[in-house]
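Read through the structure below, which is laid out as structure tokens, and then see the notes.
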Amino acid sequence: MYIQRLLAINMATFAALGTVLLALGEQNPTLAVVAVLAAMTAVWITDILVVFRLNRRVTNVAVLLAVLRSLWELFQIQGAVQVMAIANLLAYVMIILLFQEKDFRTWWHIALLSLLQVAASATFFQGIWFAPLLLAYFFVGLSAVALLFLHHERTHYHQVRHHPIVPRETRTISERLGVNWRRLGKIVLATFVVGPVSLFLDYGETDDERRTRRRLRRKDRGSRRWPLIHDEAEFTGSADSLGGRAGIGLEFYSHLAGLIPGTLVVAVVLFLMIPRMGRFEIGFRQWGWGSAAHDSSAIRATGFSDTVQLGEAGNLTEDPEEVMRVKFLLPDSDQVYPMKGTIYLRGALLNHYHKGKWDFRGVAQPLRFFGSPEVPLQPERNLQPGLVRQQISIRPIDRRELFCIWPFVAVGQDSRMTIDSSTNRLLRNSPRRSERAPFNLGTYAVVNGTQIPLTPTPEDLTGPNLDQLTQIPQADLKKFVKFADQWAEESGLDRTQVVERARYLESKFINSDRFRYSLEGQVREAGTDPVEDFVVNKPLGHCEYFASALALMLRSQGIPSRVVNGFATNEYDTRGEYYRVRQRDAHSWVEAYVSPEHLPDVRPFGRNDVDWRRGGWLRLDPTPSRAAETGLTSLVSNVKSWFEWMQDAWVQYVVQMNGATQREAIYDPLKTLALGLKQEMLDADGWSGLWRMIAGLPRRLRALLADAGWFSWIGATLLLSTLGFGYFAYRLTRWIVHLGARFLPRGRSRTGYRSPVAFYRRLETLLARRGLRRRAGQTHREFAVHAGHSLADGQGELIESAALFVTNAFYEVRFGGGRLDSVDMERVEQALHDLENAAGVQRHSNPNR
């Protein structure tokens, strides 16, 4: 009972951990909580108290309902994300099996379902917490499987019964082939209904029936070869007296723990060395039992997009995948230029808004019958001293945009970069965008290490352009415009104070307790513009809502504005001296146009000959911070830094490991190391130098010790003499002990000590005098049965059982860890006496034998 209860707890933990790992990838906490509660409840009421168990019919009906539920989920989604519905089906079936009466087949099915869930969880994006949970899952699973087989062996041999052997020639075809055709037929029919889940259904066949068929085949197959095939093994003695605890303790778990390091080393080596053939990404969908949950769109991952679509109810999940690295350098050297604050890297401009969607609408241009709107990037010829170089290393992504600080200048000729004149975007050339060489650009928009918010207008803005940047759907945003007019009136600023009014509206979003940042999807009011619903009804959203609201408010006050999509980051890697940009750093902000007559008097810029006659663009970021900054101690900051480093390593070398990363981080260093070793092996001068270094080590060591005053020839001679004498004494002692053991009586190694199995050696000695010796491969018990038959020779079963009795006592002492009391020793002595008499009688009656 002890092993069975321990197995139930261990296996339930194993099953719950598998579902938790799956729920972690799906970002479905409900599934994790249900699995943990179900495992705890099943252990208590099904395995310990035995007050509730699902019978065969209820189990099969529950599995059928789980399949129908999963099919309904499957039809709600499309694409690779359908694997979520299949994985959830595994969790449902496993929970059902936890409430069944357990046998070896049920336990094994639960373990298999748990392993399949973990395999499915690996297809989702997993954070760094997946690693320690997987390690705990591995140890619990190893323990569960070990307990499962130990419990199976013990229960099998305790429940075994003698059965007559059916001759092979009288068996049916199914008995000869070992196939249960009835069960196979049930599985085939069930497969047409529930698919592969039919393997986990209960067909009313007990373990005893399966065990009986296997035992009959095994007995018939080995009855001619093994004389003891008819005897059944049985656990007796100390195992029963301990209530099933024998072998289950600290030693059991220490042995299991000893398997983990070697297994992890092999797993890590295989993971790193097996070539990557690509991977597919799984999207996410929010599930629920009500219809409202299924009306929501799929959960989206944060990342750059050249459009904005508001009003979607799906949640946003932060994707930590690294997109690029940006290093700021001095123009004429590779010395790092220190930066301060958040870095804004522009990607796309959005100037047209309609019912929650932002996109880019260019000014009508003449039709282009030849050529492309993309023109090569021309290098700047007249570089000024205030230039800061931005070195951009972008990872292979499916976007062509090259994100950088605007305005920028080209510091050299690079055919990989082009400018799209129709959308005013910096792009990477399509045929060469997979090259990993960094892009080098310059910018004057950095002054004293800070990216300035006001920059001059490089493009020629015409009347239609400015008119487009002030358009707003007044009919859809009536309440929204009232909010904007109220805030503008509260500011008390004149309409000519464009910068101050824009800053004031920005502060209303940042400093107000009313607006909060959130990635959770909000169900917007039907028929209401998403921006108006955000400002008036539900002021909770992400950066796209804040940027849209501010841009439209500025337009309502006559200030031209546009939304900018790109990346904003302040994650600085002190080791590599670069800014790391991730997908979760994708951001939206606002640029407001300031005409020349409304520009402030103080407007710093990196060069003095800048032309402000076309006005400037003011960067505004109305998105409030996600959490208030707190003063962290240096220790907490270091811990956070190391944790982020581990998170980066996990994402880059585990989750996002691809062929290029594997070649760069593993194959190329190994190749370099192998080539270096080859060169060293073929270098004769290197071998000569190594030999000279080894030969000169004693002389160098002596000189070093002599200089330190620690060496003398007398001390060295005494030390070597002591070591030599000690080794000689050790070998002499071992030889004396070995020589004494040869001349002492067998079974005695010291005075007063007698081997606990000396009585069995007496048995082998007296049987050897009769010419009976145990053959190689013959067990002690088989030898005893054979010797008993030979010695009995018609004298009855007394002599035959005497040899068997002595052998059983030997088993108890030698393998069972038991001890013989005085009564047992007297019975053993009597059995040996009977055998000696029988051997003597036979020797006297058969002198020629």
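The values are calculated or read from the model by the stated rules, or taken from the named source; none is laboratory data. A quick note: this is a predicted structure, and the numbers were derived from the prediction, not measured. All Cβ positions, even for glycine, are placed from backbone atoms using ideal geometry, and neighbour counts span all protein chains on display. These area figures cover heavy atoms from the full protein model, side chains too; ligands, DNA and RNA do not enter into them. Shrake-Rupley method; radii C 1.70, N 1.55, O 1.52, S 1.80 Å.
One residue stands out among those in the stretch 757-775 that are crowded, with 16+ Cβ neighbours inside 10 Å and in contact (Cβ under 8 Å) with a residue 60 or more places away in the chain: the one that is nearest to VAL828 (Cα to Cα), which is PHE759. Scanning the stretch 611-651 for residues that are acidic (Asp, Glu) and either surrounded by 10 or more Cβ atoms within 10 Å (Cβ to Cβ) or modelled with pLDDT of 90 or more (or both) returns ASP621, GLU644, ASP648. Within the stretch 583-610, the set of residues being touching a Lys or Arg at 6+ places or on another chain (Cβ under 8 Å), part of a helix (DSSP H, G or I) and buried (at least 16 other Cβ atoms within 10 Å of the Cβ) is empty.
Taken over the stretch 665-722, the residue count meeting the criterion of being aromatic (Phe, Trp, Tyr), surrounded by 11 or more Cβ atoms within 10 Å (Cβ to Cβ) and modelled with pLDDT of 80 or more is 2.
Of the residues making up the stretch 405-430, those that are part of a loop (DSSP other than H, G, I, E, B) and either open to solvent by 20 Å² or more (accessible area, probe 1.4 Å) or not hydrophobic (A, V, I, L, M, F, W, C) (or both) number 13.
If you go through the stretch 79-94 and keep only what is open to solvent by 30 Å² or more (accessible area, probe 1.4 Å) and under 23 Å from ASN55 (Cα atoms), you end up with LEU90, TYR92.
Checking GLY566, GLY576, GLY527 one by one, the residue that is part of a loop (DSSP other than H, G, I, E, B), of a type in the set (Gly, Ala, Ser) and touching a residue at least 60 places away in the same chain (Cβ under 8 Å) is GLY576 and no other.
Considered as a group, the residues in the stretch 36-54 that are open to solvent by less than 80 Å² (accessible area, probe 1.4 Å) and in contact with a Phe, Trp or Tyr (Cβ under 7 Å, 6 or more places away or on another chain) include one that is farthest from TRP107 (Cα to Cα), and that residue is ILE45.
Residue by residue, here is whether (1) under 42 Å from the mean Cα position of the chain (by Cα); (2) within 15 Å of SER507 (Cα to Cα) holds:
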site	(1), (2)
VAL531	yes, no
VAL535	yes, yes
LEU540	yes, no
CYS543	yes, yes
ALA547	yes, yes
LEU554	no, yes
ILE559	no, no
ALA568	yes, no
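Residues in the stretch 456-466: is at least one surrounded by fewer than 23 Cβ atoms within 10 Å (Cβ to Cβ), hydrophobic (A, V, I, L, M, F, W, C) and under 20 Å from HIS352 (Cβ atoms)? Within the stretch 456-466, one or more residues are surrounded by fewer than 23 Cβ atoms within 10 Å (Cβ to Cβ), hydrophobic (A, V, I, L, M, F, W, C) and under 20 Å from HIS352 (Cβ atoms). Within the stretch 506-521, the set of residues being surrounded by 19 or more Cβ atoms within 10 Å (Cβ to Cβ) and either of a type in the set (Phe, Trp, Tyr) or over 31 Å from the mean Cα position of the chain (by Cα) (or both) comprises GLU506, LYS508, PHE509, PHE515. Looking at PRO407, PRO431, PRO456, just one residue is modelled with pLDDT under 90 and of a type outside the set (D, E, K, R), and that residue is PRO431. Taking the stretch 100-137 as the range and being over 21 Å from the mean Cα position of the chain (by Cα), surrounded by 19 or more Cβ atoms within 10 Å (Cβ to Cβ) and not in a helix (DSSP H, G or I) as the test, the residues that pass are GLN100, LYS102. All conditions in (1) crowded, with 22+ Cβ neighbours inside 10 Å; (2) out of contact with any Gly (no Cβ under 7 Å at 6 or more places or on another chain) hold for VAL33, with the sole exception of (1).
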